[in-house]
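Undergrad: Structure provided below as structure tokens; questions to follow.
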Ligand SMILES: Cc1cc2nc3c(=O)[nH]c(=O)nc-3n(C[C@H](O)[C@H](O)[C@H](O)COP(=O)(O)OP(=O)(O)OC[C@H]3O[C@@H](n4cnc5c(N)ncnc54)[C@H](O)[C@@H]3O)c2cc1C
């Protein structure tokens, strides 16, 4: 017998293609934490048009909609996600380098690929993002940043899908980027592509800067273990990692989730962690730091499916 769910799956396949729609798809396969239970349905649209039609259909039906990029800032519950996840990642990742240092990238393009293409074209300004393992859509939502750069420093336009199904182009003043925040996120817009303004530079100097930042990351961050990067936002004027260290929580472990022994600002999956383990570590760290230092750490990691 045909169920409403199977009808939705067929409709999604008609839009995005048979091989782009996955049922009961484990989110652990799509997040850098390597945890998370099954999503009812996960769709990987191949074009912006497919993404828009997929989103319209899911909204029309009234199903819960999740938009993800490369899953590098997500903690998904062990019970998974009821609804449809639309993944805007490698299937929607064209990058073009145009006149005057303008780079246009589809939302799923990886930051590292954009930085590498810009370098090859003799364009500087995106080196800071080369080691941020997400998509440029995720960078636009989060105003991703590292070392002395932030996404807002180079973005000149972001093309989005709004809640009414219209395409809107946002200028930087409309995007209202702040520390890991944006109006794009607050308004629930879906990023389809971005336009960046870079500046001329010598490819070997650009590469040297990327190498320097990569080795700084390598020496300080637990890149050999699954994580979602910095677990907590930086409290104004303070460092989350230092607060956690001073509270004696470095190395604290629940199941397979641990406050990294290399960088206390990262919760890592040391093997077989569940989302519940990670959440417990986050909550215990928050409680201890609050009790000892009077600071409530706010997660930077987005948590899905816990409600
Ligand atoms: C080892 C490691 C190091 C990291 N270092 C840094 C760092 O130095 N600086 C930093 O800022 N971050 C860092 N991160 C975190 C992460 O890479 C960034 O937050 C990144 O911008 C998230 O992009 P994503 O594509 O993976 O987004 P996801 O994790 O898939 O999603 C994150 C949020 O963005 C939304 N989103 C994603 N794509 C879209 C879209 N196209 N339209 C609408 N919403 C969308 C999702 O709904 C979700 O709310 C690190 C992570 C890891 C694992």
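Undergrad: Can you name every residue in the stretch 45-65 that is surrounded by fewer than 24 Cβ atoms within 10 Å (Cβ to Cβ), in a loop (DSSP other than H, G, I, E, B) and either in contact with a strand residue (DSSP E or B) (Cβ under 8 Å, 6 or more places away or on another chain) or in contact (Cβ under 8 Å) with a residue 24 or more places away in the chain (or both)?
TA: Scanning the stretch 45-65 gives 46, 47, 63, 64.
Undergrad: Please work out which residue is surrounded by the fewest Cβ atoms within 10 Å (Cβ to Cβ), limiting yourself to the stretch 66-79 and to residues that are within 15 Å of the ligand (Cβ to nearest atom) and either outside any strand (DSSP E or B) or more than 16 Å from the chain's Cα centre (by Cα) (or both). Let's see the steps before the verdict.
TA: Let us first name the residues in the stretch 66-79 that are within 15 Å of the ligand (Cβ to nearest atom), namely 66-77.
So of that shortlist, the ones also either outside any strand (DSSP E or B) or more than 16 Å from the chain's Cα centre (by Cα) (or both) come out as 69-73, 77.
On the way: 69: 26, 70: 25, 71: 26, 72: 22, 73: 26, 77: 20.
The extreme case among them is 77.
Undergrad: Further question: Just give me the residues in the stretch 111-133 being near the ligand (Cβ under 10 Å from one of its atoms) and either out of contact with any helix residue (DSSP H, G or I) (no Cβ under 7 Å at 6 or more places or on another chain) or part of a helix (DSSP H, G or I) (or both), in sequence order.
TA: Passing the criteria: 111, 128, 129, 133.
Undergrad: Looking at 264, 287, 276, which is the one that is over 26 Å from residue 30 (Cα atoms), away from the ligand (no atom under 14 Å from the Cβ) and out of contact with any strand residue (DSSP E or B) (no Cβ under 6 Å at 6 or more places or on another chain)? Full working, then the answer.
TA: Numbers: 264 fails: over 26 Å from residue 30 (Cα atoms); 276 fails: over 26 Å from residue 30 (Cα atoms).
Criteria check complete, one pass: 287.
Undergrad: In the stretch 131-167, which residues are more than 14 Å from residue 103 (Cβ to Cβ) and touching a strand residue (DSSP E or B) at 6+ places or on another chain (Cβ under 7 Å)?
TA: Passing the criteria: 131, 132, 135, 137, 141, 143, 160, 161, 162, 167.
Undergrad: Okay, moving on. Taking the condition within 21 Å of residue 140 (Cβ to Cβ), touching a strand residue (DSSP E or B) at 6+ places or on another chain (Cβ under 9 Å) and modelled with pLDDT under 95, does residue 96 pass? Full working, then the answer.
TA: Values: within 21 Å of residue 140 (Cβ to Cβ): yes; touching a strand residue (DSSP E or B) at 6+ places or on another chain (Cβ under 9 Å): yes; modelled with pLDDT under 95: no.
No.
Undergrad: Of the residues 214, 287, 276, only one is farther than 28 Å from residue 37 by Cβ and assigned to a helix (DSSP H, G or I); which? Talk me through it step by step, then tell me what you get.
TA: Details: 287 fails: farther than 28 Å from residue 37 by Cβ; 276 fails: farther than 28 Å from residue 37 by Cβ.
Only one candidate passes the filter, namely 214.
Undergrad: Taking into account only those residues within the stretch 168-190 that are surrounded by fewer than 13 Cβ atoms within 10 Å (Cβ to Cβ) and touching a strand residue (DSSP E or B) at 6+ places or on another chain (Cβ under 7 Å), which is farthest from residue 92 (Cα to Cα)?
TA: 171
Condition check ((1) free of Cβ contacts under 8 Å to residues at least 60 places away in the same chain; (2) surrounded by fewer than 17 Cβ atoms within 10 Å (Cβ to Cβ); (3) farther than 22 Å from residue 298 by Cβ) across all residues:
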| position | (1), (2), (3) |
| --- | --- |
| 192 | no, no, yes |
| 196 | no, no, yes |
| 201 | no, no, yes |
| 224 | yes, yes, yes |
| 227 | no, no, no |
| 240 | yes, no, no |
| 261 | yes, yes, yes |
| 269 | no, no, no |
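Undergrad: List the number of the failed condition for residue 42; all other conditions in (1) free of Cβ contacts under 8 Å to residues at least 60 places away in the same chain; (2) in a helix (DSSP H, G or I); (3) out of contact with any helix residue (DSSP H, G or I) (no Cβ under 7 Å at 6 or more places or on another chain) hold.
TA: Of (1) free of Cβ contacts under 8 Å to residues at least 60 places away in the same chain; (2) in a helix (DSSP H, G or I); (3) out of contact with any helix residue (DSSP H, G or I) (no Cβ under 7 Å at 6 or more places or on another chain), only one is false for residue 42: (2).
Undergrad: Can you report the number of residues in the stretch 134-154 which are more than 6 Å from the ligand (Cβ to nearest atom), part of a loop (DSSP other than H, G, I, E, B) and over 13 Å from residue 115 (Cα atoms)?
TA: Here is the first cut: in the stretch 134-154, the ones more than 6 Å from the ligand (Cβ to nearest atom) are 136, 140, 143, 147-154.
Going one step further and asking which of them are part of a loop (DSSP other than H, G, I, E, B), we end up with 143, 147-148, 154.
The next check asks that each one be over 13 Å from residue 115 (Cα atoms); those that pass are 143, 147-148.
The qualifying residues number 3.
Undergrad: Looking for something under 14 Å from residue 116 (Cβ atoms), outside the structural domain of residue 72 (by TED's automatic domain parsing) and near the ligand (Cβ under 10 Å from one of its atoms) - is there at least one such residue anywhere in the stretch 208-218?
TA: Scanning the stretch 208-218 turns up at least one residue that is under 14 Å from residue 116 (Cβ atoms), outside the structural domain of residue 72 (by TED's automatic domain parsing) and near the ligand (Cβ under 10 Å from one of its atoms).
Undergrad: Considering 171, 183, which residue is within 20 Å of the chain's Cα centre (by Cα), outside the structural domain of residue 286 (by TED's automatic domain parsing) and more than 11 Å from the ligand (Cβ to nearest atom)?
TA: Values: 171 fails: within 20 Å of the chain's Cα centre (by Cα).
Just one listed residue meets the conditions, 183.
The values are calculated or read from the model by the stated rules, or taken from the named source; none is laboratory data. Please read all numbers here as calculations on a predicted model, not as lab measurements. Here the Cβ is made from the backbone with ideal geometry for all residues, glycine too, and neighbour counts use every protein chain on show.
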